[in-house]
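Everything on this sheet refers to the single structure shown next.
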Ligand code: ASP
């Protein structure tokens, strides 16, 4: 027996007991005749005291200590074990340790790269431990809920063919089938649909997915989804189950009881009001279309634009010239790319009011508009005294997206993005297709198995771009947490969608023949959803980065710097695989 207790367990009740602890040395303090050691494991820290003067140990050494639990003379109320200490009778070094490359404490002094290289040491730190434990608890809650609802956890293979989620595949060469490759699944999409054909009408899996995309800050080439599918359901049924699931997760893991129904916003409204299909609803600042008010007054920038749109930033009329210049710089930045920003200030100083009792309006376009015209634009945005109205113009969709970035920036500046506040919503009625001007073809917004709304089916022939999908996203605090759809279960309709997406018969047969064939043997109506588990963990944990919730993540270049992966293959292996490198 290496230990009788953990390092987080002993309390005043244990005083007088002989116990054995094992763990890592957090700290050693040598006070002449007495040496104090903080011994740590994942449960906590216990202070060890020894009078053995010959003792020679360092940070992170692994020790086993047998001794008597005694009352501490100087209690430490900050530690759960702070009332006691362990008076060592026998101290065994189980393993010596080199000096760690960074401090293993709540706050570390190690840079990102160093901590990634020694991830196993970083994982000893309490913040990462809390994250990993949170993730575990959330995974258990997922299983509890879905099991209770009759979902079966079924594993699907990783060595498959290309699955259509729109990213590049990771591929694995097959030694037994020379010159052929498996693709790692971007999601178990088609497999879970086959499970519906097989009659397993409620399926879930906490499953790894692989997408070879250019990495952004919070993307990982392999990530985990909570993948679910249900048969004999309509959109309403899926939303109902997963709304209850989401509320269960909030209450089980965070103790937050969301009692209101989760809001549903059609995609078109989300775009119009927030310029985003994943709006952050922790704050308002909704957009207003100003095109009619802004045009026809001789201001050519607005006159020439397709769309003029703005919102009121509450209480920001007091922004200085410098702060406004900062916003102008922000919108002109490369990722946002707006040409300029028009602002209107509704000053609250009555001395400056240009109408009796009203607020003074001042704007960056006063030359072109009368005060009443400016005021009308501000009022359309719902601005009140003390507010600052911010306006962009240009092509409609692009301008909405740009204004969305500015809305988030204002929320940031106003401290409205509180990580402890959660406002989930469903975005529904996504378009089925998206037109790409470059390749001159339609792409599936979700994936090619998503069904159109029955009432929009006639539009498939006349105006595919206007067809709405039975697709939905679960969004919280400006992040897409999950997405899914009701699938097509009719082979003829599926074939039609494939052809609208530009697949010819041969491609359809070779890529999706297995699914279309399966449908011929009796496919039930079905639909589902998948949630990004890493992202859900980081949302619940209050952090921006999903990496902090993955035990062994990749860096921004897709590398595991600890394993030094990816790496090259031995010539022998290459030969066996019949692979020649260029
Ligand atoms: N397979 C989809 C995805 O990974 C989710 C779904 O439609 O269930 O986004």
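Nothing in this text is a laboratory measurement; each read-out follows from the coordinates by a stated rule. The structure presented is a predicted model; accordingly, all values stated were derived computationally and were not measured. As a convention, Cβ positions derive from the backbone with ideal geometry for all residues, glycine included, and neighbour counts pool all protein chains shown.
Note on region 506-582: along the principal axes its Cα atoms extend 48, 48, 16 Å, ordered by decreasing extent. The C-alpha atoms of the chain define a longest principal axis, and helix 505-520 lies at about 70 degrees to it. Taking the number of Cβ atoms within 10 Å of each Cβ as an exposure proxy, the fewest-first ranking of 347, 109 is 109, 347. P(r) for region 268-390, from all Cα pairs and a bin width of 10 Å, is 13, 42, 37, 8, 0 %, short bins first. Here, P(r) means the percent of Cα pairs in each 20 Å bin from 0 to the largest distance; for the chain it is 16, 39, 32, 12, 1.
Could you tell me whether region 96-188 comes out rounded, prolate or oblate from its Cα gyration tensor? Rule is a ≥ b ≥ c as square roots of the eigenvalues, rounded for a/c under 1.5, then prolate if a/b exceeds b/c, otherwise oblate. In terms of gyration-tensor shape, oblate. If you take the Cα atoms of region 411-547, find Rg, then find the Kirkwood Rh from the mean of 1/r over all pairs, what is Rg/Rh? Radius of gyration over Kirkwood radius for region 411-547 works out to 1.07.
Once you sort the root eigenvalues of the Cα gyration tensor of region 508-552 as a ≥ b ≥ c, which label holds: rounded (a/c under 1.5), prolate (a/b larger than b/c) or oblate (the other case)? Since a/c reaches 1.5 and a/b is larger than b/c, the shape of region 508-552 is classed as prolate. Over the C-alpha atoms of region 171-238, the Rg to Rh ratio, Rh being the Kirkwood estimate, stands at 1.09. At full extension, residue 412 and residue 437 could sit 5.6 nm farther apart than now, given 0.36 nm per residue minus the alpha carbon distance. Shown here: region 457-526, whose C-alpha atoms stretch 43, 29, 20 Å along the first, second and third principal axes, sorted largest to smallest. Set the Cα radius of gyration of region 143-193 against 2.2 N^0.38 Å, with N its number of residues, and you get 1.48.
Here the calculated FRET efficiency for residue 552 and residue 180, from their Cβ-Cβ distance with R0 = 25 Å, stands at 0.25, rounded to the nearest 0.05. First measure r as the distance between the Cβ atoms of residue 53 and residue 29, then evaluate 1/(1 + (r/R0)^6) with R0 = 25 Å and state the FRET efficiency to the nearest 0.05. The pair residue 53/residue 29 has a calculated efficiency of 0.95.
Using the rule -39500 (n - 2.57) for each DSSP H run of four or more residues, divided by the residues of the chain, the 222 nm mean residue ellipticity is -8000 deg cm²/dmol. Hey, for a label at residue 578 modelled as a point 7 Å past Cα toward Cβ, could you say which residues of region 156-196 have their backbone N under 15 Å away? Once the point is set 7 Å along Cα→Cβ of residue 578, 173-182 turn out to lie under 15 Å by backbone N, inside region 156-196.
Residue separation of residue 504 and residue 200 scaled by 0.36 nm, minus their Cα-Cα distance, works out to 106.3 nm of gained length.
If a/c stays under 1.5 just call it rounded; otherwise compare a/b with b/c (prolate if a/b is bigger, oblate if not). Do that for region 1-160, with a ≥ b ≥ c from the square roots of the Cα gyration tensor eigenvalues. Here region 1-160 falls in the prolate category.
For residue 244 and residue 335, the FRET efficiency from 1/(1 + (r/R0)^6), where r spans their Cβ atoms and R0 equals 56 Å, is about 0.90. Restricted to Cα atoms, region 180-300 shows a radius of gyration and a Dmax of 20.7, 66 angstrom.
For the pair residue 4 and residue 348 in one chain, pulling the backbone fully straight at 0.36 nm per residue adds 117.0 nm over the alpha carbon distance. Each of residue 516 and residue 17 was given a label point 7 Å from its Cα along the Cα-to-Cβ line. The distance between the two points is 6.8 nm. Sorting 129-140, 401-412 by average packing, meaning the other beta carbons within 10 Å per residue, from highest down gives 401-412, 129-140.
One quarter of the convex hull surface built on the alpha carbon atoms of region 382-457 amounts to 8.8 nm², the projected area averaged over directions.
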